[in-house]
Amino acid sequence: MPAHTFTSSAPLIGRLRVPGDKSISHRSLMFAGLAVGRSRITGLLEGEDVLATAAAMRQLGAHIEREGDGTWVVHGVGVGSLLEPRQALDMGNSGTSTRLMMGLLASHRLKATFVGDASLSGRPMNRVITPLSEMGASFEASAGGTLPLMMHGAFPAVPITYRLPVASAQVKSAVLLAGLNTPGITRVIEPVATRDHTERMLTGFGAKLEVGEENGERVIAIHGEADLKPMDVVVPGDPSSAAFFLVAASIVPGSDLVIENVGLNPTRAGIVTVLKQMGADIEELDSREVGGEPVADLRVRHAPLTGIDVDPDIVPSMVDEFPVLFVAASYAQGTTRCTGLEELRVKESDRIAVMAAALTAAGAQVEELEDGLIIEGTGGEPLRGTSNASVKTHLDHRIAMSMAVAGLASKDGVEVDDTAPIATSFPTFMELLEGAANTP
Ligand code: S3P
């Protein structure tokens, strides 16, 4: 459990490149593992969550190797040909690996056990168990629909039309992935659009997938039993990782930083919009396309921020960025109100309660709501910091990185109880932060 104190920082200067997008990295390994033939992946995020997906896909029969130059090569087994895993699939801290894999396996005739760490073992799985059971799979889960759980997949599974009761790309993807090996057409109705990497990438891998609209809702139809063709995937940089540096450079006086190669898919880029609404100085440079996703370099300079009411409609496009947005709000002038955040309570930790406690410990003024947080900013003055106690991160990488950022503009520094979970999504975080703060 390495604790670390993040203290008042020199200006963040220079250029840096954040690692590959986590959502796209998981999907590239899974889809390549289902394609017949050889796929190559460049820019893969080599974080623990994605490595858990790689290990699980190997247990299911895919050949996955990392070459010396960092390219990953995958020989897939073909849709319908996944093998029954001999041991439990250890998903570590990763909800995405778990829920997407449950979907993949639900329409194969095999049984599989899923296990994970303490954080993952507390997270709700009924949201995928319900639709996958309708398709024919059966489950024995721990109390409250949690891991460890055992699944019996079904073949042939039954195609369903499923309307998402929560805005979740993981649930959407689980049903669509089960649909890959299900005869007929499986449909998902999304009342609120969530990240669309599954749709974009499955189309690239050759699946027949249609996206339409009915009564103002997004409808995605996937045709089973699909044949996936191998492809080369270039993974853009993760906007969720870039977000920590966007906020850090905004609140540390004198900063002027370029974050290269940031994915700006509109279903992910809400944080840039909201920070700009607060007065952040963010410029998009060299906008281009990488691997079918919009990408730009982001230049961010220190700027005074102002509190705003965050539009709840933007929540799905920045669902993982609220912890660090709360930090930005703590240094803004005036009040920031964030609502519509009930999903934050079931992430790697209860991110509303955990951030409220952590920011309060660091001297910020926050009020916790059932579905959000109200934050009274310092107007750019340093937060006090934690002086003699450490903030509790509850095995949540994004809490650790958010509170690290909070420390950079604080008076006494912020001690984070455990920085190890940062490696799940952003193994180079500490080194990039140090590099940017020590650039003359
Ligand atoms: C993800 C979807 C989101 C997000 C997670 C990654 C994905 O979860 O929080 O980090 O890759 O599909 P939900 O679908 O549960 O909102």
Exercise. Determine the calculated [θ] at 222 nm for the chain from helices alone, applying -39500 (n - 2.57) to every DSSP H run no shorter than 4 residues and normalising by the residue count; nearest 500 deg cm²/dmol.
Key: -8500 deg cm²/dmol
Quiz item: Gap in Å between the Cα centre of the stretch 49-121 and the Cα centre of the stretch 393-424?
Solution: 29 Å
Exercise. Determine the gain in length on full extension of the stretch Asn388-Lys276; use 0.36 nm per residue of separation and subtract their C-alpha separation, reporting nm with one decimal.
Key: 36.9 nm
Quiz item: Can you give the direction-averaged projected area of the convex hull of the alpha-carbon atoms in the stretch 286-340, in nm²?
Solution: 5.0 nm²
Quiz prompt | Dipole moment magnitude, nearest 20 debye, the stretch 19-173 about Cα centre, only Lys, Arg, Asp, Glu C-beta charged | solution = 420 debye
Practice problem: State, in angstrom, two size descriptors of the stretch 306-440 derived from its alpha carbons: Rg to one decimal place and Dmax to the nearest whole number. | Solution: 14.1, 45
Quiz item: Which one of Ala157, Ser287, Gln365 is farthest out on the positive end of the charge dipole of the chain, using unit charges on Cβ (Lys, Arg +1; Asp, Glu -1) and the Cα centre as origin?
Solution: Ala157
Exercise. Just tell me which aspartates and glutamates come within less than 16 Å, Cα to Cα, of Lys411; anything on the same chain fewer than 8 places away is out.
Key: Glu381
Quiz item: Tally Lys/Arg at +1 and Asp/Glu at -1 over every other residue whose Cβ is under 11 Å from the Cβ of His152; what's the total?
Solution: 0
Quiz item: Cα-Cα pairs above 35 Å in the chain: how many percent?
Solution: 27 percent
Self-check item: Hits among lysines - C-alpha to C-alpha of Lys208 under 17 Å, sequence gap 8 or more where chains match
Solution: Lys172, Lys229
Quiz item: Which one of Leu104, Trp72, Val192 is farthest out on the positive end of the charge dipole of the chain, using unit charges on Cβ (Lys, Arg +1; Asp, Glu -1) and the Cα centre as origin?
Solution: Leu104
Practice problem: Please give the net charge around Met1, taking every other residue with its beta carbon less than 10 angstrom from that of Met1, where Lys and Arg add +1 and Asp and Glu add -1. | Solution: -2
Quiz item: Can you give the Rg to Rh ratio of the stretch 120-279, both from alpha-carbon atoms, with Rh computed by the Kirkwood formula?
Solution: 1.05
Quiz prompt | Charge sum, other residues only, whose C-beta stays under 13 Å from Glu84's C-beta, Lys/Arg counted +1 and Asp/Glu -1 | solution = +3
Practice problem: Could you tell me how many degrees, from 0 to 90 and to the nearest 10, lie between the Cα long axis of helix 22-34 and the main elongation axis, the longest principal axis, of the Cα atoms of the chain? | Solution: 20 degrees
Quiz item: Sorted by packing (mean other beta-carbon atoms within 10 Å per residue), highest first, where do 6-17, 389-400 land?
Solution: 389-400, 6-17
Self-check item: Distance between the stretch 291-369 and the stretch 191-242 - C-alpha centres, whole angstrom
Solution: 27 Å
Quiz item: Give me the Kirkwood hydrodynamic radius of the stretch 1-92 in Å, from all C-alpha pairs, to one decimal place?
Solution: 15.0 Å
Self-check item: Karplus-derived 3J(HN,Hα), 6.51/-1.76/1.60, for each residue of the stretch 390-402, Hz, glycine and proline x
Solution: 10, 7, 8, 9, 6, 6, 10, 3, 6, 5, 4, 6, 5
Quiz item: What are the ³J(HN,Hα) values, in whole Hz, obtained from phi via the Karplus relation 6.51 cos²θ - 1.76 cosθ + 1.60 with θ = phi - 60°, for each residue of the stretch 187-194 in sequence order, with x given for Gly and Pro?
Solution: 10, 10, 9, 10, x, 10, 5, 10
Self-check item: Point-charge dipole on Cβ atoms (K/R +1, D/E -1) for the stretch 142-221, about Cα centre, debye to 20
Solution: 180 debye
Quiz item: Sequence-distant or interchain residues sharing an amide H contact under 5 Å with Gly37, placed H: which?
Solution: Gly76
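Values in this text are rule-based calculations from the coordinates and carry no lab data. All values reported here derive from a predicted model rather than from experimental measurement. Using ideal geometry, Cβ is built from the backbone for each residue, glycine included, and neighbour counts are taken over all protein chains shown.
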